[in-house]
Amino acid sequence: MALIVQKYGGTSVGTTERIKNVARRVAKFKAEGHDIVVAVSAMSGETNKLIALAKEIQANPDPRELDVIVSTGEQVTIGLLAMALKEIGVDAVSYTGAQVKILTDSAHTKARIQHIDDAPMRADLAAGRVVIVAGFQGVDAQGNITTLGRGGSDTTGVALAAALKADECQIYTDVDGVYTTDPRVVPEARKLSTITFEEMLEMASLGSKVLQTRSVEFAGKYNVKLRVLSSFQEEGEGTLITFEEDSKMEKPVISGIAFNRDEARINVIGVPDKPGIAYQILGPVADANIDVDMIIQNVGQDGTTDFSFTVPKNDLGRAIKVLEGAQSQISARQINGDDKICKVSIVGVGMRSHVGVASTMFRTLAEEGINIQMISTSEIKISVVVDEKYLELAVRVLHKVFGLESIS
């Protein structure tokens, strides 16, 4: 008998019929003697509907009130799933994030989990119940409802598994595992049987939509065994995310290609080339709770330099407004933005022990006439920013040149 946390995404619970299918799957695990805790997302499309409603009232919705609104999507799903389980004879109880007491900080729409009270869940499990928890949400120390940001239900699932010291956390989604890249872009993409936490963390942070970055960070930090599976297939092992690197690291292998369309570039031109200028530019952006990704500072000439960095596309306008407000401090000649870019990344632990990976990537893109605007590297990944119109071409040619159609 094992303690298993299962997380079901929006498409997996998108209709009442699919919720009934989830209930049957959960009942099967319960019948095998396992203790089951389930975290669920809102039904697919519901969160977007709720955000749209809020924007009909307020163009830029108040973050606290927006959290109150969007958290209701998961509340519907947990109630429906509990009812579906009871209907087939399985005792179940549903909890909102506040009822479980998933304590978070007070950063509305982007809250981080600080503590989970596992005692009520353990009591329910001991009484033979399936515990169903609303994903994506929590409550701060003042009792305000908070949400964890897009994809936050993954984080809820992994955090519950960490708090309960679960034997495995199973993430059920509309794909049957982690692929070398998005099969909708490259039909030859292959499902990976295993991938390391390092690689998965890079893939998630670089735009792979299978798992949310914070959920992978949580799993790695607390040694949670993580598996990605399809909720639409009865059988299959999915992809196991492991702590160990297997023998593949001795081969010049790239495990996957990630891409992100949600990128915008900001150029701060003609700032004084002096110590502290990077902080003067990025400090106000960070204070506005805007994530900064890739950063480039050019070599200074005539006492000035140019500074470029990327932010999420929907934060572009806000970031530029912040910088324009600080223009007297940074003394920039010009500030502009470009939201017609994308980021393409190759990821693999094999980079550690093999040279020539970067040159192969750059040569391949050059042969297709794709200009590289920015480059960022780590020990196991290389990311480039290119014009968004070249995204699919770049992913396809890189997938082919690194032989990913034959990986498993």
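The values are calculated or read from the model by the stated rules, or taken from the named source; none is laboratory data. It should be emphasised that the depicted structure is a prediction, and the values quoted were computed from it without experimental measurement. Glycine gets a Cβ as well: all are built from the backbone with ideal geometry, and neighbour counts include every protein chain shown. Only protein heavy atoms, including side chains, enter the accessible area calculation; ligands, DNA and RNA are left aside. Shrake-Rupley method; radii C 1.70, N 1.55, O 1.52, S 1.80 Å.
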Explain nothing, just compute: Karplus ³J(HN,Hα) = 6.51 cos²θ - 1.76 cosθ + 1.60, θ = phi - 60°, for every residue of segment 93-100 in order, whole Hz, x for Gly and Pro. 9, 9, 9, 6, x, 5, 5, 5
By accessible area of protein heavy atoms, probe 1.4 Å, what ranking do TYR390, TYR279 get, highest first? TYR279, TYR390
DSSP-assigned coil residues among GluC sites (Glu not before Pro) in segment 170-205, each with at most 14 further Cβ atoms within 10 Å: GLU188
By how many nm would the segment from GLN301 to ASP387 lengthen if fully extended, with 0.36 nm per residue of separation less the alpha-carbon distance? 28.3 nm
31 Å Cα-Cα threshold exceeded, pairs from LYS221/LYS313; LYS20/LYS191; LYS55/LYS165: LYS55/LYS165
Backbone N within segment 358-379 under 18 Å of label point (7 Å from GLU405 Cα along the Cβ vector): 364-365, 368
What's the center-to-center distance, using Cα atoms, between segment 123-194 and segment 2-43 in Å? 11
In segment 3-173 the accessible area split gives carbon plus sulfur, as whole percent at 1.4 Å, a share of 53
Can you give the accessible area of HIS354 in Å² (nearest 10), computed on protein heavy atoms with a 1.4 Å probe? 50
Would you give the gap between the C-alpha center of segment 197-230 and the C-alpha center of segment 272-312, rounded to a whole Å? 29
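Restricting to the chain, compute how many DSSP beta bridges are antiparallel as a %, nearest 5. Walk me through the numbers before you get to the answer.
Values: 45 of 73 bridges.
Around 60 percent antiparallel, to the nearest 5.
Sequence gap at least 6, Cα distance under 8 Å: using those rules, report the relative contact order of segment 39-89 to the nearest whole percent.
It comes to 51 percent, rounded to a whole number.
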Given contacts defined as C-alpha pairs under 8 Å and at least six residues apart, what's the relative contact order of segment 286-380, whole-number percent? 23
Leaving ligands, DNA and RNA out of it, work out the accessible area of LYS101 with a 1.4 Å probe and give it in Å² to the nearest 10. 90
Virtual spin-label span in nm between ASP167 and GLU368, 7 Å along Cα→Cβ: 4.4
So for each of 19-25, 6-12, 284-290 I average, over its residues, the number of other beta carbons within 10 Å; can you give me the resulting order with the highest mean first? 6-12, 19-25, 284-290
Can you match Cα extents along the principal axes in Å to one of these, (1) 79, 48, 39; (2) 66, 41, 35; (3) 76, 50, 33, based on a calculation from the structure here? (3)
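Defining a contact as two alpha carbons under 8 Å apart and six or more residues distant in sequence, what relative contact order in percent does segment 3-173 show?
On the way: 365 pairs, mean separation 51.5, N = 171.
30 percent.
Can you tell me how segment 287-408 classifies by the Cα gyration tensor, rounded, prolate or oblate, using a/c under 1.5 as the rounded cut?
The shape class here is prolate.
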Please calculate the 1.4 Å probe accessible area of MET351, with all protein chains present, and give it to the nearest 10 Å². 20
Within segment 1-32: backbone nitrogen closer than 20 Å to the GLU234 label point (7 Å, Cα to C-beta): 12-13, 17-32
